[in-house]
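Take a look at the structure below.
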Amino acid sequence: MKSITLRRPDDWHLHLRDGAMLEGVIGDTSRHFGRAIIMPNLVPPVVTTADAIAYRERIVKAIPPGDRFEPLMTLYLTEHTSPDDVEEGKNSGLIHAVKLYPAGATTNSHGGVRDMDKAMPVLERMAKIGLPLCVHGEVTTPEVDIFDREAVFIETVLEPLRKRLPELKITMEHVTTQDGVDYIKASKANLAGSITTHHLIINRNAILVGGIKPHYYCLPVAKREEHRLALRAAATSGDKRFFLGTDSAPHVDPLKECACGCAGVYTSVNTMSCLAHVFEQDNALDRLEAFTSLNGPAWYGLAPNEETITLVKRDEPVSFPAKIETGDGTVTVFDPMFPLHWDVA
C-alpha cells in the first residue's frame, strides 16, 4: 500500500503549555489534528471553568492562520473542586473532562489529589451528569517501585473507585502495561484507555541502555518489552476502548538534559508517520483510522471529523527536524530510531 486516507485524527491527551511555548508548539498539532483534549497542569493549574475559558482563548489566539483546530478543555481535579462549577462548565459545552493527577505523579502535579474521599462530591456529580474522569493512573507512595505504579493504582485506587461509582466514565490515560490493557479489556462498561505514540515504539531500554537518554524519559515511564507489545496489540486491534492520546509534552532541552530532568516526550511533529509505520508493521493499516480518528470521538460523545488526511509512503525516508525552536528555547523532537517513510501529504 502506497497511500491511505483517514478521517482527520484527534489527539485525546495533549500538553500545549502556555505563553511562548504554546505559540511555538501548537502548529505541530493543528497542522494534522482536528481536536485535542488539552491537559490542565499549567502553573498555576486550570482548576475552574473561568480558568479554562481564559486558557482556551490563549490557545485559539495562537493557532496558525488557516488551521482548523478545536481545543477541548479539561479541569484539574483538586480536593476543593466545586461540583457546581464543573457542572456549569460541562453544560456550557466548554469542559469535556476532569483530570485526576495523584499528587506528585508527574509534571506540575503537586496540587493533585491526596485523599480520594475529599474528591468524591465532584466525582459523584460527574457520574450524574456524564462527564468523563481522565486519570493519570499511577500511585506515588515511595515504597512502590516506579515500574509497578500503574498496576498498584489499578488495584488500590481505580478498582475501588469503579466499585463505588460504577456509572462514572473513566479514561485511563497513557496506558503503559499489560495490566492496564487487560483491565480495560475485562471491563464491561465506562472504561477506556488512551495510548501514546512513543509507548508503542520504545521500552525502558531506550532510556537506559548505552547511557541515560533523557529525551525518552516520560511519566508513566516506559516499561518492559512485553508491555510494549501488549500496547501495540491493543492499539492495532480495532477495539473501540483504545484510542490515540499522544501525551506529547514539550520541555526545553536544558530542563531535560540536567541532573533532575523533566518527564515528557515531544511527538506532535511526527506522530502520524510513526503510527503508520507501527500499524503497517503489524499488518493493521486498515485499523489505523479507528485508533486515530473514530474510537476517541465515540468515547467522548462527539462525531468524527468530516475532513480527511492522506498519508503517502515515500521511497526515501521522510525528513523531520531533530529539534524545534520556540520562544522559550529549543525542544527535541521524538526520534523513533528507525527511518520513517509515511508522510502526511
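The values are calculated or read from the model by the stated rules, or taken from the named source; none is laboratory data. Quick caveat: nothing in here was measured; it's all calculated off a predicted structure. Reconstructed Cβ throughout: ideal geometry from the backbone, glycine too, with neighbour counts over all protein chains shown. These accessible areas exclude ligands, DNA and RNA; they are computed on the full protein's heavy atoms, side chains included. Shrake-Rupley method; radii C 1.70, N 1.55, O 1.52, S 1.80 Å.
Points to keep in mind about this one:
- Computed helical MRE - 222 nm, the chain, DSSP H runs ≥ 4 contributing -39500 (n - 2.57), nearest 500: -8500 deg cm²/dmol
- Length gained on full extension, ALA50 to ILE146, computed as 0.36 nm times the residue gap minus the Cα-Cα distance: 31.0 nm.
- GNM flexibility winner over the chain from GLU159, GLU87, GLU306 (Cα, springs under 10 Å): GLU306
- Acute angle (nearest 10 degrees) that the helix 116-129 long axis makes with the longest principal axis of the chain, alpha-carbon atoms: 80 degrees
- Among HIS199, HIS80, HIS215, residue whose mean-square fluctuation peaks in a GNM of the chain (springs only between Cα atoms under 10 Å): HIS80
- The modelled label-to-label distance for the pair GLU57/ASP253, using points 7 Å beyond Cα in the direction of Cβ, is 3.6 nm.
- Ranked order, LYS99, LYS118, LYS313, LYS163 - accessible area, probe 1.4 Å, largest first: LYS163, LYS118, LYS313, LYS99
- Simple spin-label estimate for HIS110 and GLU159 in nanometres, 7 Å along Cα-Cβ: 3.4 nm
- Beta bridge orientation in segment 191-345: antiparallel %, DSSP, nearest 5: 65 percent
- Three-way shape call for the chain based on the alpha-carbon gyration tensor, with the a/c threshold at 1.5: rounded
- The long axis of helix 19-30 is offset from the longest Cα principal axis of the chain by roughly 60 degrees.
- Selected from GLY264, LEU14, VAL333, residue furthest toward positive end of dipole (segment 3-344; charges at beta carbon): LEU14
- Where a label projected 7 Å from the Cα of LYS2 along Cα→Cβ would reach, residues of segment 298-320 with amide N under 18 Å: 310-318
- Loop-resident GluC sites (Glu not before Pro) (DSSP state other than H, G, I, E or B) in segment 145-205 with no more than 12 further Cβ atoms inside 10 Å of their Cβ: GLU167.
- Segment 135-183 and segment 221-259 have their alpha-carbon centroids 16 Å apart.
- Between THR308 and ARG31, the FRET efficiency from the beta-carbon distance, with R0 = 22 Å, is close to 0.95.
- Of the whole protein surface, CYS258 contributes about 60 Å² of accessible area at a 1.4 Å probe radius.
- Alpha-carbon centroids, segment 294-344 and segment 78-108: separation in whole Å: 28 Å
- Most mobile listed residue (PHE291, PHE243, PHE153) in the chain, GNM with C-alpha springs under 10 Å: PHE153
- To the nearest ten degrees, helix 271-281 and the longest principal axis of the Cα atoms of the chain are 70 degrees apart.
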